[in-house]
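Quick notes on the structure that follows.
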Ligand SMILES: [Mg+2]
């Protein structure tokens, strides 16, 4: 259903939310959770996304819990509803399940507001601040095995996948070239990571931006060693070099290398971002629009990041509505630098959601669309072809059998 030509302006002061639905779509590694907010105005609905791998049932249940607060309310009072969702069930909404549920609903409310006013979301926030946005991919395009299971003792495979990303038009890509390590290990893992990054740099040259995500696997001591070893390769950023809770260690690593440190995807409230920024734990904030509290909280986080001159590169390995949200945010935020996107996680990705934004596949840059709100059209019949399945298990154990971080 395309709403671009419909005029909802006369209803803007007397509409109500009548239902909130979740539509789960199994996409191999993740179950995409699409959130549909329905109003009493014929044809006026909003779409959001609340995907949280391995927590699908919890998020769907949390959205049901939140619906009880919102049915009958005016969907255009977004800040008011956000405050209700965050505060009115006693437990603040900062746990990742609840915060993801709030985020999916919040994105859908902004989609509705854009449709009411007939403009894309970024025009609600002051209009576009840039002409285009660059996208970066994961090695393998989001294919689970390529990104997560390429062995770090196979530098040649990293180089081949890097060349494929460039052949696909990308000028930037992310790799997982740092292996899981015990809290302290010797040189072998450091040398393996070094060899992978050296091979990628050799394969694509200096004009392509390479990122390395550590998935917060290393201890602070190992994260520091990896960061220093890879500093010579001029990475665009080095991501989650240790646990996100270790603010002092993130700050120490950020201060010790010239490579910008990136983190923030697991944080869910403004105060947590304040603590990260105060500690100078990163140069790039990877807030996740589907976890941090939606656009409403993300805009506060972005304002705070501006005060520290910290850049924004939202975390987005999720589904297509999350990508549309990241782009709408990016067209409104001066400090936004690049859009994370996966494009080859499942072959039917583009059948489920059609977007208004335009991708130049030769350069993988995006120009904004003109459809209102998030500019997405969702095919619910396609979603029904891919019902919920348990996410693929991902378990990491060290060589001695102790539990590691995925
Ligand atoms: Mg990450």
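Residues that are away from the ligand (no atom under 16 Å from the Cβ), part of a loop (DSSP other than H, G, I, E, B) and free of Cβ contacts under 8 Å to residues at least 60 places away in the same chain do occur in region 248-259.
Among the residues here, residue 366 qualifies as assigned to a strand (DSSP E or B) and within 21 Å of the chain's Cα centre (by Cα).
Which is in contact with a strand residue (DSSP E or B) (Cβ under 9 Å, 6 or more places away or on another chain), in a loop (DSSP other than H, G, I, E, B), crowded, with 17+ Cβ neighbours inside 10 Å and in the same structural domain as residue 316 (by TED's automatic domain parsing), of 359, 346?
On the way: 359 fails: in a loop (DSSP other than H, G, I, E, B).
That would be 346, the only listed residue that is in contact with a strand residue (DSSP E or B) (Cβ under 9 Å, 6 or more places away or on another chain), in a loop (DSSP other than H, G, I, E, B), crowded, with 17+ Cβ neighbours inside 10 Å and in the same structural domain as residue 316 (by TED's automatic domain parsing).
Residues in region 307-315 include none that are buried (at least 24 other Cβ atoms within 10 Å of the Cβ), over 29 Å from residue 58 (Cβ atoms) and either within 15 Å of the ligand (Cβ to nearest atom) or touching a residue at least 12 places away in the same chain (Cβ under 8 Å) (or both). Name the single residue that is farthest from the chain's Cα centre (by Cα) among those in region 261-272 being over 14 Å from residue 95 (Cβ atoms) and within 16 Å of the ligand (Cβ to nearest atom). By that ranking, first place goes to 261. Here region 196-240 is the region considered, the condition is being part of a loop (DSSP other than H, G, I, E, B), in contact with a helix residue (DSSP H, G or I) (Cβ under 7 Å, 6 or more places away or on another chain) and in contact (Cβ under 8 Å) with a residue 40 or more places away in the chain, and the residue that is nearest to the ligand (Cβ to nearest atom) is 218. Taken over region 388-406, residues that are in contact with a strand residue (DSSP E or B) (Cβ under 9 Å, 6 or more places away or on another chain) and exposed (fewer than 11 other Cβ atoms within 10 Å of the Cβ) amount to 4.
Just to be sure, is residue 166 in the same structural domain as residue 209 (by TED's automatic domain parsing), outside any helix (DSSP H, G or I) and in contact (Cβ under 8 Å) with a residue 40 or more places away in the chain? Show your work before the answer.
Values: in the same structural domain as residue 209 (by TED's automatic domain parsing): yes; outside any helix (DSSP H, G or I): no; in contact (Cβ under 8 Å) with a residue 40 or more places away in the chain: yes.
Here the answer is no, as residue 166 does not meet what is asked.
The criterion of being at pLDDT 95 or above and assigned to a helix (DSSP H, G or I) does not hold for residue 41.
The values are calculated or read from the model by the stated rules, or taken from the named source; none is laboratory data. The model shown is predicted, which means the values in this text are computed figures rather than measured ones. Positions of Cβ are generated from backbone atoms using ideal geometry, with glycine treated the same way; all protein chains shown enter the neighbour counts.
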